[in-house]
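Inspection log for the structure reproduced underneath, given as structure tokens.
Values in this text are rule-based calculations from the coordinates and carry no lab data. Fair warning: this is a prediction, and the values are worked out from it, not measured in the lab. A quick note on method: Cβ atoms are made from the backbone with ideal geometry, for glycine too, and the neighbour counts reach across all protein chains shown.
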């Protein structure tokens, strides 16, 4: 979080109009924003500062958002920043590739302000929840939709119950099969097949 306790969102898009639109919507709802017109600019900023969330355009001229996402997820210092892809192409391959690269969600152009704000709010809350329990041990799969924890036997447990029963774990986040089917019915089978083939049936 930033010093005035308002979440900071890095918005990465080569289109100036998209940047102004996204940042305008976010700033109207008390988020701080930083604009980057390329992946290189985004990485330069993140080498010096941090962000609570990144909105990342998939299609950019210098380097694709997919590659930038993969690069950020390989960084020890940056891998826990949630990334939401922004795309004009809500095609199955793009969505699956985005999740495989490490994104937590995606929104499509043209933007629906209510949807944008809801998704941003959810993922910032999840990041803050993760930070609050970072003294817990291990890496725990966390559903970004319902906040349930996936146990080793494949069942899911409410986050609060898990925290009470365990200590010293570090949370990661994702989507459980039910939430994937609810949020992305058109792409659910491909997403599940690429991540966990046993969940696709």
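The ranking of 34, 104 from fewest to most other beta carbons within 10 Å of each one's beta carbon is 34, 104. Relative to the longest principal axis of the Cα atoms of the chain, the long axis of helix 113-132 makes an angle of roughly 50 degrees. Taking the longest Cα principal axis of the chain as reference, the axis of helix 16-28 is set at about 60 degrees.
Using 0.36 nm times the number of residues separating residue 62 and residue 77, minus their current alpha carbon distance, what extension gain do you get? Please list the in-between numbers first.
On the way: separation 15, 0.36 × 15 = 5.40 nm, distance 2.33 nm.
Roughly 3.1 nm would be gained on extension.
For n ≥ 4 DSSP H runs only, could you compute -39500 (n - 2.57) per run for the chain, divide by its residues and tell me the 222 nm figure to the nearest 500? Numbers along the way, then the final one.
Values: 8 runs with 84 residues, N = 201.
That calculation yields -12500 deg cm²/dmol at 222 nm.
Between 0 and 90 degrees, the angle of helix 92-101 with respect to the longest Cα principal axis of the chain falls at about 80 degrees.
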